[in-house]
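Each remark here refers to the structure printed beneath this line.
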Amino acid sequence: MDSPRHAAFTMLTFEEYAQRLATAFGLAVVSPPSDAGLYDDLGLDSLQAFQLMLFTEGLAGASFPPDFPPPLFTVADAYSYYELLSTEPK
């Protein structure tokens with residue numbers, strides 16, 4: 001049986017994801033563009049990059065993330081990872 005959280009899951013648009021990312025990481029940009037670099041443009045460090053993966057997995061409701069997650073260099077990469085996790089069975 002699905003939990004209520006999974007039953008009510010709604011996929012975020014790129015804009016919604018980017019806004020949540022900006023809020024969660026205290027970015028100066030309200031909604032970072034898709035080509036914004038996570039490290040060079042947004043100033044994330046390696047610990048924040050790891051936290052971004054956990055944040056993305058949490059938004060997607062992923063119970064078991066992949067053994068080898070894809071490299072994330074841009075906001076678009078992070079959103080693609082979110083899409084991948086969101087479409088996998090929970």
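The values are calculated or read from the model by the stated rules, or taken from the named source; none is laboratory data. Keep in mind that what you see is a predicted model, and the values were worked out from it rather than measured. Here the Cβ positions follow ideal geometry from the backbone for every residue, glycine too, while neighbour counts run over all protein chains shown.
Couple of notes before you dig in:
- Top-ranked residue in the stretch 29-59 [being among the acidic types (Asp, Glu) and in contact (Cβ under 8 Å) with a residue 24 or more places away in the chain; ranked as farthest from TYR82 (Cα to Cα)]: ASP35
- Helices (runs of 4 or more DSSP H) lying entirely in the chain (those with 2 or more residues that are touching a helix residue (DSSP H, G or I) at 6+ places or on another chain (Cβ under 8 Å) and either exposed (fewer than 14 other Cβ atoms within 10 Å of the Cβ) or modelled with pLDDT of 90 or more (or both)): 14-24, 46-60, 75-87
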